[in-house]
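> What follows is a structure written as structure tokens; I'll ask about it next.
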Amino acid sequence: MYIPSHFKIEDDEIIYDIIQEYGFATFFSQHKGEPFATHIPLMIDDDKEYLYGHFARSNPQWKDIHNQNVLAIFHGPHCYISSSWYESNQAVPTWNYLAVHVYGKVEIIKDDELKESLSDLVKKYEVPDSSYQLDEVDARYLEGMTKGVVGFKIKIKKIEGKAKLSQNHSIERRKLVIQELEKFESEDERKIASYMTDYLQKDLLKKK
């Protein structure tokens, strides 16, 4: 990923927060010599060594994926930045966003490891008091459903994070952008405003 130095996420906690919060990723590999992508939920393990996921068995991407070098992209919040928010109209609009790229090699997983990864996924997204509990599903039904998926894990080799939050603009201009974004009710604009505020405060501390 192209990352100018001022947009690079240096804080690992931010990177892992994005992976955790925006777990529905775009997963790229090579299939029959061509780029192939699937949109799937991925989860990182507690030791930050693996990403876990699964394909529908009918998805051909898994058939030649074992031991491939692959890429998973986690898309954080993003939004349009209007140049009308600046102190001068001698500028162009842009887009602010956060994204994380994870690179690694794939291993196919089966049996208990697959069942555990599926259970962890359900636990993550079901609300705590949900009436649905995977361990309460009929074992024979669950076994049949599990045969319809192919589980995998990605041994993480490299992680890159990019936070494009107007850091290449003046502090005064960044404050103006934050003020405009905070007027929106939509989640992405408000989250970008929050991240911009955090980065701005860090930059102000550096100048002291």
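The values are calculated or read from the model by the stated rules, or taken from the named source; none is laboratory data. This one's a predicted model, so the numbers in the text were calculated from it and none came from an experiment. All Cβ positions, even for glycine, are placed from backbone atoms using ideal geometry, and neighbour counts span all protein chains on display.
> Given the conditions (1) in contact with a Pro (Cβ under 8 Å, 6 or more places away or on another chain); (2) loosely packed, with under 14 Cβ neighbours inside 10 Å, which single one is not true for K191?
Result: K191 passes all but (2).
> On to the next question. When you look at I154, is it of a type in the set (V, I, T) and out of contact with any Ser or Thr (no Cβ under 8 Å at 6 or more places or on another chain), yes or no? Talk me through it step by step, then tell me what you get.
On the way: of a type in the set (V, I, T): yes; out of contact with any Ser or Thr (no Cβ under 8 Å at 6 or more places or on another chain): yes.
Yes, satisfied.
> Go through I19, I73, I15, I9 for me and flag whichever is closer than 30 Å to Q167 by Cβ, in contact with a helix residue (DSSP H, G or I) (Cβ under 9 Å, 6 or more places away or on another chain) and either modelled with pLDDT of 95 or more or not hydrophobic (A, V, I, L, M, F, W, C) (or both). If you could, list the steps in order and put the result at the bottom.
Details: I19 fails: in contact with a helix residue (DSSP H, G or I) (Cβ under 9 Å, 6 or more places away or on another chain); I73 fails: in contact with a helix residue (DSSP H, G or I) (Cβ under 9 Å, 6 or more places away or on another chain); I15 fails: in contact with a helix residue (DSSP H, G or I) (Cβ under 9 Å, 6 or more places away or on another chain).
Only one candidate passes the filter, namely I9.
> Pick from Q90, Q61: which is modelled with pLDDT of 95 or more and not in a strand (DSSP E or B)?
None of the other options fit; the residue is Q61.
> Restricting segment 149-178 to residues that are free of Cβ contacts under 8 Å to residues at least 40 places away in the same chain and in a helix (DSSP H, G or I), which is surrounded by the fewest Cβ atoms within 10 Å (Cβ to Cβ)?
Across segment 149-178, the extreme among qualifying residues is I171.
> Just to check your reading of the model, which residue among V100, V137, V92 is closer than 30 Å to I192 by Cβ, surrounded by fewer than 16 Cβ atoms within 10 Å (Cβ to Cβ) and of a type in the set (A, V, I, L, M)?
Exactly one residue qualifies, and that residue is V92.
> Within the set of pairs 6 or more residues apart or between chains, which connect a residue that is polar (S, T, N, Q) inside segment 109-131 to a residue that is modelled with pLDDT under 90 and assigned to a helix (DSSP H, G or I) with Cβ atoms less than 8 Å apart?
As it stands, the answer is S119/L134; S119/D135, since those pairs meet every condition given.
> Also: Can you report the number of residues in segment 179-200 which are polar (S, T, N, Q), in a helix (DSSP H, G or I) and closer than 22 Å to V100 by Cβ?
Total satisfying the criteria: 2.
> Part of a helix (DSSP H, G or I) and either of a type in the set (S, T, N, Q) or modelled with pLDDT under 90 (or both): is that true of Y141 in this structure?
Spelling it out, Y141 is indeed part of a helix (DSSP H, G or I) and either of a type in the set (S, T, N, Q) or modelled with pLDDT under 90 (or both).
For (1) of a type in the set (D, E, K, R); (2) touching a Lys or Arg at 6+ places or on another chain (Cβ under 8 Å); (3) in a strand (DSSP E or B); (4) exposed (fewer than 13 other Cβ atoms within 10 Å of the Cβ), each residue gets a yes or a no:
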residue: E10; (1), (2), (3), (4): yes, no, no, yes
residue: I18; (1), (2), (3), (4): no, no, no, no
residue: T26; (1), (2), (3), (4): no, no, yes, no
residue: P77; (1), (2), (3), (4): no, yes, yes, no
residue: G104; (1), (2), (3), (4): no, yes, yes, no
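> Within the set of pairs 6 or more residues apart or between chains, which connect a residue that is hydroxyl-bearing (S, T, Y) inside segment 56-85 to a residue that is loosely packed, with under 15 Cβ neighbours inside 10 Å with Cβ atoms less than 7 Å apart?
From segment 56-85, the pairs are Y80/P93; Y80/W95; S82/P93; S83/N89; S83/V92; S83/P93.
> Mind listing whichever residues of segment 179-208 are among the charged types (D, E, K, R), touching a residue at least 12 places away in the same chain (Cβ under 8 Å) and more than 17 Å from E13 (Cα to Cα)?
E180, E187, D188, E189, D203
> Restricting segment 112-127 to residues that are among the acidic types (D, E) and within 15 Å of K153 (Cβ to Cβ), which is surrounded by the fewest Cβ atoms within 10 Å (Cβ to Cβ)?
D112
> What are the pairs with Cβ atoms under 9 angstrom where one residue, in segment 8-21, is closer than 23 Å to G53 by Cβ and the other, located anywhere, is in a helix (DSSP H, G or I) and of a type in the set (K, R)? Sequence gap at least six, or different chains.
Q20/K124
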